[in-house]
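Participant: My questions all concern the structure below.
The values are calculated or read from the model by the stated rules, or taken from the named source; none is laboratory data. On a predicted model such as this, the values are computed, not experimentally measured, just so you know. Glycine also receives a Cβ, built like all others from the backbone with ideal geometry; neighbour counts cover every protein chain displayed.
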Amino acid sequence: MSDRPETSFFSPRRAGIIALSTVTQLVRMKVFYFLAPIALLFVGLQFFDAFWYEGPEASQPQQELMMHKNLCLGTMMLFSSLFAIVSTALLIPGDIEDRTLYTILCKPVPRLDYLVGKLLGVISVIFVAMLVMDILMVVTLNYRTQVVSAELGEYLGAIGWGEEEVRQGQAEVASHGPSLILQYGVLAHFFKASIIAAVALLISTFSTSTLFTIASSVMIWIIGAVQSLAREGLFTKGEYGVEPGMVDRILGTIISLVFPDFQLFESVSDGAARVMEIGMFDMLHLGGLTFFYIAIYTVLSWFVFSDKEF
Amino acid sequence: MGRYAGLIMSEVPAVQVNRLVKDFRGPFRGGGIRAVDEVSLSIAPGEVYGLIGPNGSGKSTTMKAVLGLVKPTAGSCAIFGRDSSKVDSRMEVGFLPENPYFYKHLSAAETVSFYGKLCGMRGAALKARVDEMLELVGLEEARHRRLRGFSKGMLQRIGLAQALVQDPRLVVLDEPTAGVDPMGSRQIRDLILDLKGRGITVFLCSHLLEQVQEICDRVGIIHRGKMVNEGDLEDLTSIHDRTEIILQDAPPELLEQIRNLVDQANKGELVSEGHPRSSLESLFLKETIEAESKQKAVSTKQS
C-alpha cells in the first residue's frame, strides 16, 4: 500500500483552487463585458426623467429617485440571475464534454470539492459583478439625489417657503438616496442569484444538455418567484369560504419544499427601494435562508454527482 | 516513513483488476450491454503494460474502472493495494485521456500548476515541479502561451506533464499518440520509455500495435469485453520454431555456403532471406530530421 496521506472528505483548499480557476475562466471569457451596457444604462438614466415626474413642484419629488433605484435593482436582479444560470449551466457540462473533468477527478479530488469549487467560483464572480453595479448605482443615484434636491430647494425658495421647511423637504429627498437599506436590497438580489446558481448546479449534475439546464433553471426561477402566491391560493380559504383539499395541500407542501421561495427576497428589495424599515435581523434571516437553500441543493447535487459515471 | 512502512512495496501490484464486470443499462429493460466481462489483470510495479483490442472491446471502460470513473457491476480494481473507487488511490495515479482537452484559458505553466495544486502541492516545490515537467515534455518555450493555440501534439505533451506533476507511481495513458504526427508520437514514446527507466508503472491502451510492441513488457488482448490473451510480449510474439540470424556485410559466397549447409543438414528449412526493412516511421523521422538539420546549417551559414 501507499505511504501517501489519505485524502480528506472535503478540503476547503482544493475547493478554493477550483473556485479560483472558475473565476479565472469566467473572467477570461470576458463576462464582465456585460457590465459595460449596464454602466451605460445607469449613467443614461441621469438624462431621462420618469414620464410621471412633474418636476420639483410635484408633491413627491423622491418618486424620481425611486424610479432610478427600481430600474437599477431590477437590472441587477436580471443580470445576476441570468448570469448565475448560464454560467453554471455551461461550466460542468462543458468540463464533461471536453473531458477536462476526467483529468480533474483522476487527481485526488473528492467530487464534493469539485462541485463546491465550481459553485463558489460562480458566486464569487456574481459578487464582484454586483459590487461593480452597486458602486455604479450609488454614484449615479447620489448625483441624481443632489440634482433633485437642488431643484426642490430652488423651487420651494421661489414660492416663499422658509429655510427650515426647505431643509426638511430636501432631507426627505436625501432619505431616498444611497443608504444602508438600499444595500440590503442589493444583498437580497445577490442571495437570490446565489440560490439560482445552486439550483442550476443541481440540474447540471443530471442534465444531458446545457439547453435543458438553462430552461429548467429559468422555470424554477419563475416558480420560485410566484410560488408564494400559488401557496396562498392553495392553503387559504377561497373567496367563497371553500377549504383547500388534501391534494392542494400536498401539492403546496411539495412546491414549497422543492422550489425556493424568492418572494421574500423580492420583498426586501422592494422595501429597500421604498426606504421601508428593514432590520439587521431580517437580513440575518434572509442570509440564513440562503445558506439553507444553497446547502440543500449542494448536498442533493453531491448525491447525484457522486454516483455519476463518465 | 509513513504508516504503511512495514509493508514490502514490491509485493503489492501497481494495478490489480479482479474479475471485473461492467454492464451498461439500456434505455429499456433488458437492452443493456456488457462492456467488460470478468476481466482480470495484474500489473507489477515498474512494468509497462499495454491493453490492446478493437474499438468497443472494453479497453477504455476497464481503464475508467481502474481510475474510479465508472463503478464496477461486479469485481474490483485496486491501485497499489487501495480500492480504486476511493479518492485516496488517485494520489498515486497520473492519467492522460485520449485527445485531452484542458482549460483553454490557462497557459501551459498555469495548467500544470493547477493540477499540482489539486494534488496538494504549493509554493516553491510546486514552482520547481512545474518547471521540471515543462522541461521534461519540451514545452518550456510555450510556458506562457494559452492552450487555445496548442497543436494536438503539444496538448498531448501538456497532458503528460499534468499526469506526472504529483510524481505518481502509476501512469495511465489512453491512446497517448492518437492524432499526433510521427515526430510527436516518437517524442511521446521516448517519454514513456523514460518513465519506464525511472521505475514508473505505465498502463496504456493503444491502437498502434507497432508502438505497443516497442515499449510494453506485457500485453493483454481484449475482445468483446473478455481478456482473450495476456502475457509477456516476448513470449506472445516470438515464433518458437523459427530462428533469425542477421549478418552484417556478408559476401554472396558466405550466404551460398549457409544455404548449402542447411540443404546438407537435412534438418530444418530456410524459409526466407533478404534485407531487413526499416519501418516507414523510422524512414520518415530520418528524412525529416535530416532535412531540418540541413536547413539549420544553411541558416547558420547565412547568418
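Participant: If I ask for residues that are at the interface with chain A (Cβ under 7 Å from one of its Cβ atoms), surrounded by 19 or more Cβ atoms within 10 Å (Cβ to Cβ) and not in a strand (DSSP E or B), which ones from the stretch B:89-113 would you list?
Facilitator: Listed by number, the residues that qualify are B:R90, B:M91, B:E92, B:P97, B:P100, B:F102, B:Y103.
Participant: Please work out which residue is modelled with the lowest pLDDT, limiting yourself to the stretch B:265-283 and to residues that are surrounded by 10 or more Cβ atoms within 10 Å (Cβ to Cβ) and charged (D, E, K, R).
Facilitator: B:E281
Participant: Moving to a separate point now. Mind listing whichever residues of the stretch B:1-43 are modelled with pLDDT under 80 and hydroxyl-bearing (S, T, Y)? Break it down stepwise before answering.
Facilitator: Step one: filter the stretch B:1-43 for residues modelled with pLDDT under 80, giving B:1-11, B:26-31.
B:Y4, B:S10, listed by residue number.
Participant: Can you pull out every residue in the stretch B:178-207 that is within 24 Å of B:N55 (Cβ to Cβ) and within 10 Å of the chain's Cα centre (by Cα)?
Facilitator: Correct list: B:I188, B:R189, B:I192, B:V202, B:F203, B:L204, B:C205, B:S206.
Participant: While we're looking at this one, here's another question. So for the stretch A:108-130 (the condition being more than 16 Å from A:A200 (Cα to Cα), touching a residue at least 24 places away in the same chain (Cβ under 8 Å), buried (at least 21 other Cβ atoms within 10 Å of the Cβ) and within 14 Å of the chain's Cα centre (by Cα)), does at least one residue qualify?
Facilitator: Within the stretch A:108-130, one or more residues are more than 16 Å from A:A200 (Cα to Cα), touching a residue at least 24 places away in the same chain (Cβ under 8 Å), buried (at least 21 other Cβ atoms within 10 Å of the Cβ) and within 14 Å of the chain's Cα centre (by Cα).
Participant: Considering only the stretch B:114-129, state which residues are buried (at least 17 other Cβ atoms within 10 Å of the Cβ) and part of a helix (DSSP H, G or I).
Facilitator: Of everything in the stretch B:114-129, those that are buried (at least 17 other Cβ atoms within 10 Å of the Cβ) and part of a helix (DSSP H, G or I) turn out to be B:F114, B:Y115, B:G116, B:K117, B:L118, B:L126, B:R129.
Participant: OK, next. Which condition number does A:M77 fail, the rest of (1) within 9 Å of chain B (Cβ to nearest Cβ); (2) assigned to a helix (DSSP H, G or I) being met?
Facilitator: Here A:M77 clears every test but (1).
Participant: Filter the stretch A:13-22 down to residues that are crowded, with 17+ Cβ neighbours inside 10 Å, within 22 Å of the chain's Cα centre (by Cα) and aliphatic (A, V, I, L, M), then give me how many there are.
Facilitator: 1
Participant: State all residues of the stretch A:178-235 that are under 17 Å from the mean Cα position of the chain (by Cα), among the hydroxyl-bearing types (S, T, Y) and under 25 Å from A:K118 (Cβ atoms); if no residue qualifies, say none.
Facilitator: Matches in the stretch A:178-235: A:S194, A:S217.
Participant: If you don't mind, there's one more thing I want to ask. Determine, yes or no, whether B:K196 is in contact (Cβ under 8 Å) with a residue 12 or more places away in the chain and within 18 Å of B:V93 (Cβ to Cβ). Before you say what the answer is, go through the steps one by one.
Facilitator: Working: in contact (Cβ under 8 Å) with a residue 12 or more places away in the chain: yes; within 18 Å of B:V93 (Cβ to Cβ): yes.
Answer is yes for this residue.
Participant: Going by what's in this entry, would B:S299 be described as assigned to a helix (DSSP H, G or I), of a type in the set (S, T, Y) and more than 25 Å from B:L96 (Cβ to Cβ)?
Facilitator: yes
Participant: Under 6 Å by Cβ, and 6 or more places apart or on different chains, what pairs join a residue from the stretch A:284-310 that is over 21 Å from A:E266 (Cα atoms) with one that is surrounded by fewer than 16 Cβ atoms within 10 Å (Cβ to Cβ) and among the aromatic types (F, W, Y)?
Facilitator: Here the result reads A:V304/A:F206, each pair linking the stretch A:284-310 to a residue that is surrounded by fewer than 16 Cβ atoms within 10 Å (Cβ to Cβ) and among the aromatic types (F, W, Y).
Participant: Against the definition (under 24 Å from A:F42 (Cα atoms) and either out of contact with any Lys or Arg (no Cβ under 6 Å at 6 or more places or on another chain) or in a helix (DSSP H, G or I) (or both)), how does A:L136 come out, yes or no?
Facilitator: yes
Participant: Every residue in the stretch B:114-123 that is facing chain A (nearest Cβ under 7 Å) and of a type in the set (A, V, I, L, M), please.
Facilitator: B:L118 - this is the single residue of the stretch B:114-123 that is facing chain A (nearest Cβ under 7 Å) and of a type in the set (A, V, I, L, M).
Participant: Of all residues being surrounded by fewer than 19 Cβ atoms within 10 Å (Cβ to Cβ) and within 23 Å of the chain's Cα centre (by Cα) in the stretch B:141-152, which is modelled with the lowest pLDDT? Just the residue, please.
Facilitator: B:K152
Participant: Right, something else. Restricted to the stretch B:68-88, and to residues that are part of a loop (DSSP other than H, G, I, E, B) and within 10 Å of chain A (Cβ to nearest Cβ), which residue is farthest from B:A163 (Cα to Cα)? Can you show your working first?
Facilitator: The initial filter retains those residues of the stretch B:68-88 that are part of a loop (DSSP other than H, G, I, E, B), namely B:68-73, B:80-81, B:84-86.
Applying the additional criterion that residues be within 10 Å of chain A (Cβ to nearest Cβ) yields B:68-71, B:80-81, B:86.
Working: B:G68: 16, B:L69: 16, B:V70: 19, B:K71: 22, B:F80: 17, B:G81: 20, B:K86: 18 Å.
Looking at residues that are part of a loop (DSSP other than H, G, I, E, B) and within 10 Å of chain A (Cβ to nearest Cβ), I get B:K71.
Participant: While we're on this one: With the structure loaded, tell me whether A:Y102 is within 30 Å of B:V165 (Cα to Cα), of a type in the set (F, W, Y) and assigned to a helix (DSSP H, G or I) or whether it fails that test.
Facilitator: Working: within 30 Å of B:V165 (Cα to Cα): yes; of a type in the set (F, W, Y): yes; assigned to a helix (DSSP H, G or I): yes.
In short, yes.
Here is a yes/no grid of residues against (1) of a type outside the set (V, I, T); (2) over 27 Å from A:F9 (Cβ atoms); (3) in the same structural domain as B:S206 (by TED's automatic domain parsing):
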{"site": "B:N55", "(1), (2), (3)": "yes, yes, yes"}
{"site": "B:K64", "(1), (2), (3)": "yes, no, yes"}
{"site": "B:L69", "(1), (2), (3)": "yes, no, yes"}
{"site": "B:P72", "(1), (2), (3)": "yes, no, yes"}
{"site": "B:G81", "(1), (2), (3)": "yes, no, yes"}
{"site": "B:V93", "(1), (2), (3)": "no, no, yes"}
{"site": "B:E98", "(1), (2), (3)": "yes, yes, yes"}
{"site": "B:A108", "(1), (2), (3)": "yes, yes, yes"}
{"site": "B:R129", "(1), (2), (3)": "yes, no, yes"}
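Participant: While we're looking at this one, here's another question. Of the residues B:L134, B:L160, which is within 14 Å of chain A (Cβ to nearest Cβ) and either in contact with a His (Cβ under 6 Å, 6 or more places away or on another chain) or buried (at least 19 other Cβ atoms within 10 Å of the Cβ) (or both)?
Facilitator: None of the other options fit; the residue is B:L160.
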